[in-house]
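Chemist: Let me begin by handing over the structure; questions about it come next.
The values are calculated or read from the model by the stated rules, or taken from the named source; none is laboratory data. All values derive from a computational prediction rather than experimental measurement. Using ideal geometry, Cβ is built from the backbone for each residue, glycine included, and neighbour counts are taken over all protein chains shown. To get the accessible areas, we keep the full protein, side chains included, count just its heavy atoms, and leave off ligands, DNA and RNA. Shrake-Rupley method; radii C 1.70, N 1.55, O 1.52, S 1.80 Å.
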Amino acid sequence: MTLLVPKYMTNFFQNGVFQVPQWPVIAGMLLLVTASGAISALQNYQLQSTGEDIVRDARLALSKHLLRLPIREYDQRDSGDLLSRVGNDTSQLRNAFMQCTSALASGFITVIGSAAFMAMLDPILFGTAITLLLTVFTLMLLSAKFIERASYDSQYTLGDLTSTLNRDLAGIRTIRASNGFENENKVIAALINRVRLSGLKIAKIQSIVNPLATIALQLAAIIVFGLGLWRVTTGLLSVEKLTQFIMLLFISISPLSQIIYAGSQIGNSMAAMNRIREILDIPEEKDSDTVVATINEHMPLAHSGPRPPAVEFQHVYFSYGSKPILRDLNLSISQGSVTALVGPSGAGKSTILQLIERFYDPSSGNINVLGKDITTCDRDDLRSHIAYVEQDSPALSGSIRENLLLGSNDCSDDECRRVLESVNLSHLLDRSDKGLDMQIGENGIMLSGGERQRLAIARALLSTAKIILLDEATANLDADNERLITQLLTQVEGRTFIIVAHRLATIIDSDLIYVLNQGRIIGSGTHKQLFKTAPFYRNLATEQYIS
Ligand SMILES: Nc1ncnc2c1ncn2[C@@H]1O[C@H](COP(=O)(O)OP(=O)(O)OP(=O)(O)O)[C@@H](O)[C@H]1O
């Protein structure tokens with residue numbers, strides 16, 4: 001519609017002489033301009049909304065993918081950097097995308113339409129204008145490559161900054177207690193300066209290229225205008241046509257500048273896109289799986305013969321890197337039993353639990369859970385049979401209820417209360433009138449270490465998992481609570497407990513104890529048997545005054 005305005009303007013001239021326009025002409029023009037404004041506003045909103053949808057989809061895909069990466073990826077990557085990709089990079093992508101789409105979509109038609117009209121009005125004048133404009137464009141595209149590199153550096157450094165702040169906030173007490181503030185502040189300041197330098201590099205490129213582009217555009221307009229005037233004086237072009245041509249040129253200059261500016265932003269969005277792609281290209285944990293079975297723990301009961309072990313390791317070797325961690329490991333843990341893994345720090349006890357969860361796969365050997373080779377099972381199905389209380393018993397920010405129901409939403413409030421009572425946590429419900437909805441702060445900071453452990457044990461007990469892995473799950477408990485939890489585990493029926501513990505007092509009543517040293521099983525049996533037959537275990541027990 002905007003493109004019709006210059007044509008309308010020819011009503012102001014008759015044979016090269018200015019004519020006062022009639023009211024209908026003025027009204028028509030006003031209508032044209034208003035309608036064109038309204039359409040452009042609608043179009044702009046529609047584009048922005050499509051842009052928001054696309055960026056939302058990118059964020060959804062990225063965050064979903066982030067939670068499903070293989071565990072090894074989290075070992076190697078920094079959580080702050082991953083967060084920065086979901087936050088900063090998608091915002092960067094969003095900004096550049098918005099500018100590009102709105103500039104291209106709304107401006108493109110105007111520019112192409114103006115070009116077509118101008119070419120019809122005077123091909124020579126149009127040829128000159130297009131040559132000059134193409135030169136400006138090439139300049140902008142060249143600069144986008146430099147901007148992409150600088151922007152990539154800037155976004156990486158921003159990722160480092162987010163991770164450092166993340167690390168510092170998580171360990172703020174340690175930092176304060178060890179007077180580490182100055183050192184950390186220096187690291188953060190250095191990163192902030194690096195971000196600034198990358199930003200300045202981009203600014204330098206843009207502050208050279210953008211004015212150059214504007215000057216070049218103005219020069220192009222002057223040259224075209226001068227050439228047009230010359231063609232009018234030599235009779236090759238009428239005043240009406242020159243007026244139309246110049247108006248079309250001015251109409252197209254603003255969207256053209258927008259397109260050129262958007263071109264300079266492509267570098268930023270490419271850098272952000274590459275960082276997002278880097279994560280999306282990592283195969284998800286499940287991607288390499290060939291699922292041929294599901295675990296059905298009831299099936300063996302229907303058949304005659306013994307039930308398969310809850311967990312079985314057959315000649316398992318494993319390493320995180322080049323150093324072997326587990327060597328030729330064989331375990332057999334019966335369903336419904338309490339089994340303990342003991343041994344010195346670094347022996348590989350937690351690693352065994354993580355292999356049962358299939359966070360990692362062994363280098364060789366087999367692991368069976370409830371009679372099925374876990375590499376042939378669906379991971380979600382496998383994990384639905386296992387509850388895992390990690391060594392540090394991390395609690396999640398949120399309410400008591402959210403922490404209890406993580407992964408299973410179908411427990412009633414009464415069941416939640418009962419399980420809290422069984423682990424001696426009922427007093428938490430009396431702290432405020434919010435009951436189960438009481439917030440426990442970031443990572444459960446409003447709970448004591450022992451309360452966090454009992455909350456994690458409560459979550460495991462509330463789940464329907466038949467196999468419960470407890471990694472040093474009572475290490476922070478006082479003697480009374482430790483006794484309570486130990487007794488509770490022996491009373492729970494139909495579940496298999498695999499307990500890693502340093503304090504032997506908590507596991508001496510276990511049905512079976514495996515003693516590990518340097519990734520090998522060096523003894524197994526009950527406490528009594530091991531005390532008699534395994535000198536290594538006897539030493540461990542004697543050191544803890546256990547006979
Ligand atoms: N994600 C990992 N990447 C690389 N090495 C690891 C990783 N996790 C553990 N290790 C190493 O593997 C070895 C066994 O660790 P693991 O945590 O299984 O020992 P542990 O017997 O549970 O020790 P602790 O009693 O101190 O918890 C250790 O040498 C440890 O440094």
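Chemist: Residues Thr90, Thr110: which one is closer than 30 Å to Val195 by Cα and assigned to a helix (DSSP H, G or I)?
Modeler: Thr90
Chemist: May I pose another question? So Ile279 fits all but one of (1) assigned to a helix (DSSP H, G or I); (2) under 30 Å from Asp381 (Cβ atoms); (3) in contact with a Gly (Cβ under 9 Å, 6 or more places away or on another chain); (4) modelled with pLDDT of 70 or more; what number is the exception?
Modeler: Failed condition: (3).
Chemist: Can Ile215 be described as surrounded by 16 or more Cβ atoms within 10 Å (Cβ to Cβ) and part of a helix (DSSP H, G or I)?
Modeler: It is false that Ile215 is surrounded by 16 or more Cβ atoms within 10 Å (Cβ to Cβ) and part of a helix (DSSP H, G or I).
Chemist: Another question, if that's okay. Since Gly51 meets every condition but one in (1) open to solvent by less than 40 Å² (accessible area, probe 1.4 Å); (2) within 16 Å of the ligand (Cβ to nearest atom), which condition does it not meet?
Modeler: (2)
Chemist: Looking at the stretch 507-526, can you tell me whether even one residue there is free of Cβ contacts under 8 Å to residues at least 60 places away in the same chain, assigned to a helix (DSSP H, G or I) and either open to solvent by less than 80 Å² (accessible area, probe 1.4 Å) or under 30 Å from Tyr317 (Cα atoms) (or both)?
Modeler: Among the residues of the stretch 507-526, not one is free of Cβ contacts under 8 Å to residues at least 60 places away in the same chain, assigned to a helix (DSSP H, G or I) and either open to solvent by less than 80 Å² (accessible area, probe 1.4 Å) or under 30 Å from Tyr317 (Cα atoms) (or both), which makes the answer no.
Chemist: A further question on this structure: Can you tell me how many residues in the stretch 442-492 are away from the ligand (no atom under 16 Å from the Cβ), of a type in the set (S, T, N, Q) and under 21 Å from Arg173 (Cβ atoms)?
Modeler: 2
Chemist: Right, another one. Have a look at Ile259, Ile223, Ile208 and point out the one that is modelled with pLDDT of 80 or more and closer than 30 Å to Asp89 by Cα.
Modeler: Ile208
Chemist: Looking at the stretch 264-273, can you tell me whether even one residue there is touching a residue at least 40 places away in the same chain (Cβ under 8 Å), farther than 15 Å from Ser151 by Cβ and not basic (Lys, Arg)?
Modeler: Within the stretch 264-273, none of the residues are touching a residue at least 40 places away in the same chain (Cβ under 8 Å), farther than 15 Å from Ser151 by Cβ and not basic (Lys, Arg).
Chemist: Would you pick out the residues in the stretch 338-357 that are open to solvent by less than 10 Å² (accessible area, probe 1.4 Å) and more than 14 Å from the ligand (Cβ to nearest atom)?
Modeler: Thr339 - this is the single residue of the stretch 338-357 that is open to solvent by less than 10 Å² (accessible area, probe 1.4 Å) and more than 14 Å from the ligand (Cβ to nearest atom).
Chemist: Answer yes or no as to whether Ser363 is open to solvent by 30 Å² or more (accessible area, probe 1.4 Å), in contact (Cβ under 8 Å) with a residue 40 or more places away in the chain and either within 32 Å of the chain's Cα centre (by Cα) or within 16 Å of the ligand (Cβ to nearest atom) (or both).
Modeler: The answer is yes for Ser363.
Chemist: Okay, next question. If you go through the stretch 377-398 one residue at a time, do you hit one that is polar (S, T, N, Q), within 30 Å of Pro535 (Cα to Cα), more than 16 Å from the ligand (Cβ to nearest atom) and at pLDDT below 95?
Modeler: Within the stretch 377-398, none of the residues are polar (S, T, N, Q), within 30 Å of Pro535 (Cα to Cα), more than 16 Å from the ligand (Cβ to nearest atom) and at pLDDT below 95.
Chemist: Continuing with the same structure: Could you check Ile457 against (1) part of a strand (DSSP E or B); (2) buried (at least 20 other Cβ atoms within 10 Å of the Cβ) and say which number it fails?
Modeler: (1)
Chemist: What are the pairs, 6+ residues apart or on separate chains, where a residue within the stretch 49-75 that is farther than 16 Å from Arg277 by Cα has its Cβ under 7 Å from a residue that is within 16 Å of the ligand (Cβ to nearest atom) and of a type outside the set (Asp, Glu)?
Modeler: Between residues of the stretch 49-75 that are farther than 16 Å from Arg277 by Cα and residues that are within 16 Å of the ligand (Cβ to nearest atom) and of a type outside the set (Asp, Glu), the close pairs are Ile71/Phe359; Ile71/Tyr360; Arg72/Tyr360.
Chemist: Any idea which of (1) more than 16 Å from the ligand (Cβ to nearest atom); (2) part of a strand (DSSP E or B) is the one Leu406 doesn't satisfy?
Modeler: Among (1) more than 16 Å from the ligand (Cβ to nearest atom); (2) part of a strand (DSSP E or B), the lone unmet condition for Leu406 is (2).
Chemist: Return yes when Leu329 is more than 31 Å from the chain's Cα centre (by Cα), within 15 Å of the ligand (Cβ to nearest atom) and either basic (Lys, Arg) or open to solvent by less than 10 Å² (accessible area, probe 1.4 Å) (or both) and no when it is not.
Modeler: Yes; evaluated as a whole, the condition is true for this residue.
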